[in-house]
Amino acid sequence: MDAFTAGLLQRIRTTQSDLKHARETGDDFLADVEQAELEDLKRLAAEYGVPVSAF
């Protein structure tokens, strides 16, 4: 796995964790920000052929 793929997958994992935490604590604004970031990361992954089906 190259550095780009590894970094992208790590950012997705981190963002998912941050999103979960924001939802659990009731921070709706942060949850919206994290959700948008996650969608952008998944779009980037799809654009470069990085599989994210496990996420």
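Cβ-Cβ under 7 Å, sequence separation 6+ or interchain: first residue in segment 23-38 and surrounded by 12 or more Cβ atoms within 10 Å (Cβ to Cβ), partner among the small types (Gly, Ala, Ser) and not in a loop (DSSP other than H, G, I, E, B). Which pairs? If the second residue must be among the small types (Gly, Ala, Ser) and not in a loop (DSSP other than H, G, I, E, B), the pairs left are Arg23/Ala31; Leu30/Ala22; Ala31/Ala22; Glu34/Ala22. Out of everything in segment 18-55 that is small (Gly, Ala, Ser) and part of a helix (DSSP H, G or I), what residue ends up being nearest to Leu8 (Cα to Cα)? If we take residues in segment 18-55 being small (Gly, Ala, Ser) and part of a helix (DSSP H, G or I), then Ala45 is nearest to Leu8 (Cα to Cα). Can you report the number of residues in segment 10-55 which are at pLDDT below 95 and under 11 Å from the mean Cα position of the chain (by Cα)? Here the count works out to 2.
The values are calculated or read from the model by the stated rules, or taken from the named source; none is laboratory data. Since this is a predicted model, take the numbers as computed values, not measurements. Virtual Cβ from ideal backbone geometry, glycine too; neighbours counted across all protein chains shown.
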